[in-house]
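Q: Below are the structure tokens for one structure; questions will follow.
The values are calculated or read from the model by the stated rules, or taken from the named source; none is laboratory data. What you see is a predicted model, and the numbers here were worked out from it, not measured in a lab. Glycine gets a Cβ as well: all are built from the backbone with ideal geometry, and neighbour counts include every protein chain shown. Surface accessibility is based on the protein's heavy atoms, side chains included, excluding ligands, DNA and RNA. Shrake-Rupley method; radii C 1.70, N 1.55, O 1.52, S 1.80 Å.
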Amino acid sequence: MQSAQLLIGDEWVSASDGATSETIDPATNTVIGSFAEATGADVDAAVASARAGFESDAWQGMTPDQRGKVLWRIAELLERDADQIAALETLDQGMPSFVSGGISLPLAAQVFRYYAGFATKIEGKVSPISIPGNLTYQRRVPLGVCALITPWNFPLAIAAWKLAPALATGNAVILKPAEQTPLSTVRLVEICREAGVPAGVVNLLTGGPEVGKALVNHRGVDKISFTGSTEVGQYIARVSADDFKRTTLELGGKAPSILCADADIDAAVMGNVQGALFNTGQACGAYTRFFVHSSRVDEYTTKLAAAASSLTIGPGHKADTIVGPLVSQEHLDRVDSYVQSGRDQGAELITGGSRVDGDLADGFFYRPTVFGGVTDDMTIAREEIFGPVLSVMAYDDIDEVVARANDTDFGLVAVLWTKDLTTAHTLPPRLRFGTVFVNQLPLIDPGAPWGGFGMSGWGRELGEYSIDGFTETQSTFLNLA
Ligand code: NAD
């Protein structure tokens, strides 16, 4: 059994009222640990601690080179404990080991190394003003106290891609992991302290939505970096208007995958199955709406259904598992109700459509599900399902498919499958999405921005964009006359 406390300043403490909640293994529906359920008083204490940490000599006096070294050390410690942390992520989230150990953990370490390099390269500029006798230059200065609120689908990787740039730019933070999956974030915070992050600079509050709400409403917080649902993102945008808290919002997605008539169908099937079912479809960039040229739609649907139904379903810790459990019973019920709506609205269920029984009946396992004959107005084509549900639709003409792909509230990711170089270059600018992949499964790299158009959120993370997201521009005018 794991147990997790709050980190406030230098102290690991219980919630001020002693309250705890439990976290479960979604592969077996058994309790694997408990964590402190932070109170309003704990939120106040964490914000005060972060402010003190931000202003401390230990942090303010650290040179960019020293900050970079600390970040690099965090990456090394993540790699030292990689197997243990990846196993913990799989236990708490359900993530197949090839994802937790092969992708999430290495990505988290890579992100810290990437921003370790940035710590010494956050440059300002000198502006050529027309006031005689003045020198004017701009610096990037940290925002102060940043609340980093993360979802349950990629707990460690998403925490890393917020925390690394926040520290590289000299901020202090309060991490708030999702209540379903707090355990890997606790290890990350322990590692930060071991790596030499000064007391108060990284604080940890575990707990549910009320803890996130209290942070969003707190006047002592300068910035909210949030990844999660569009609904909560809307709440944060509304509340942060009161004090103009800076916000970065990475929200939902409903990615179209456009298969042109000339597409390599076998490559597209393989890439789309991986893109759709990566982490059991619990990914904001998951490919979900498959627009297939009508000349290829039957071939594609048959091959897609065969590939999706052939994947090994099982607990994440098993080496051959490709599709793990959904994160919770509540989420499984949600996915199942979307599948039911697809049936009710007249889509053709080609494979899947049910929970897995037998040996896996205790866990939250759901069969990869493919619907054909989906129309754009069906709920499964419009709303984010965040599970293993794939919808195939036919189209005839490129202008038509661009309009239909763009006809969504979301705008995070799109993918295009074509052998034609002109189409590969001319179609992406017509698609209203933050990232367009061409002949590719969805990839994330610390050097490339991530974020969306429309209701997929505000701002970009990763790359140099996160440096902007965690700093303000400050101008200095010097009278030299
Ligand atoms: P969620 O919005 O329910 O919760 C996310 C986090 O916010 C949790 O830590 C939760 O405790 C907290 N929270 C809940 N209510 C809050 C409130 N009112 N104020 C402040 N904090 C609050 O999301 P989820 O169900 O954990 O995650 C799934 C969602 O995340 C999906 O919609 C998915 O698309 C999105 N997501 C987006 C990206 C991206 O990069 N765009 C990445 C991963 C997940």
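Q: Given the condition free of Cβ contacts under 8 Å to residues at least 40 places away in the same chain and either assigned to a helix (DSSP H, G or I) or of a type in the set (A, V, I, L, M) (or both), answer yes or no: does some residue in the stretch 318-327 qualify?
A: Looking for residues that are free of Cβ contacts under 8 Å to residues at least 40 places away in the same chain and either assigned to a helix (DSSP H, G or I) or of a type in the set (A, V, I, L, M) (or both), one finds none in the stretch 318-327, hence no.
Q: Let me ask another. Please verify whether the stretch 77-96 includes one or more residues that are on the phi > 0 side of the Ramachandran plot, polar (S, T, N, Q) and open to solvent by 70 Å² or more (accessible area, probe 1.4 Å).
A: no
Q: Out of (1) surrounded by 24 or more Cβ atoms within 10 Å (Cβ to Cβ); (2) within 12 Å of the ligand (Cβ to nearest atom), the odd one out for L156 is which?
A: Unmet for L156, out of (1) surrounded by 24 or more Cβ atoms within 10 Å (Cβ to Cβ); (2) within 12 Å of the ligand (Cβ to nearest atom): (2).
Q: T185: within 15 Å of the ligand (Cβ to nearest atom), open to solvent by less than 10 Å² (accessible area, probe 1.4 Å) and in a helix (DSSP H, G or I), yes or no?
A: It is true that T185 is within 15 Å of the ligand (Cβ to nearest atom), open to solvent by less than 10 Å² (accessible area, probe 1.4 Å) and in a helix (DSSP H, G or I).
Q: Within the group I385, I398, which residue is β-branched (V, I, T) and within 20 Å of R296 (Cα to Cα)?
A: I398
Q: Being surrounded by 20 or more Cβ atoms within 10 Å (Cβ to Cβ), touching a strand residue (DSSP E or B) at 6+ places or on another chain (Cβ under 9 Å) and over 25 Å from A414 (Cα atoms) narrows it down to one residue among T321, T288; which is it?
A: T321
Q: Pairs please, first residue from the stretch 215-232 and more than 7 Å from the ligand (Cβ to nearest atom) and modelled with pLDDT of 95 or more, second anywhere and open to solvent by less than 20 Å² (accessible area, probe 1.4 Å) and polar (S, T, N, Q), Cβ atoms under 6 Å, 6+ apart in sequence or on different chains.
A: S225/T248
Q: Now for a different question. Which strands (runs of 3 or more DSSP E) does the stretch 411-481 wholly contain that include 3 or more residues that are open to solvent by 40 Å² or more (accessible area, probe 1.4 Å) and under 26 Å from K125 (Cα atoms)?
A: 471-479
Let's see how each residue does on (1) open to solvent by 60 Å² or more (accessible area, probe 1.4 Å); (2) part of a loop (DSSP other than H, G, I, E, B); (3) touching a helix residue (DSSP H, G or I) at 6+ places or on another chain (Cβ under 6 Å):
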{"residue": "D359", "(1), (2), (3)": "yes, no, no"}
{"residue": "D362", "(1), (2), (3)": "yes, yes, no"}
{"residue": "V374", "(1), (2), (3)": "no, yes, yes"}
{"residue": "I385", "(1), (2), (3)": "no, yes, yes"}
{"residue": "L390", "(1), (2), (3)": "no, no, yes"}
{"residue": "M393", "(1), (2), (3)": "no, no, no"}
{"residue": "R404", "(1), (2), (3)": "no, no, no"}
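Per-residue answers, yes or no, for (1) surrounded by fewer than 24 Cβ atoms within 10 Å (Cβ to Cβ); (2) not in a strand (DSSP E or B); (3) not aliphatic (A, V, I, L, M):
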residue: S257; (1), (2), (3): no, no, yes
residue: A261; (1), (2), (3): yes, yes, no
residue: A267; (1), (2), (3): yes, yes, no
residue: M270; (1), (2), (3): yes, yes, no
residue: Q274; (1), (2), (3): yes, yes, yes
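Q: When residues of the stretch 231-252 are filtered for being open to solvent by 20 Å² or more (accessible area, probe 1.4 Å) and not in a loop (DSSP other than H, G, I, E, B), how many remain?
A: Total satisfying the criteria: 9.
Q: Please determine whether any residue of the stretch 399-415 is out of contact with any strand residue (DSSP E or B) (no Cβ under 9 Å at 6 or more places or on another chain), modelled with pLDDT of 95 or more, over 24 Å from F154 (Cβ atoms) and among the polar types (S, T, N, Q).
A: No - not one qualifying residue is present in the stretch 399-415.
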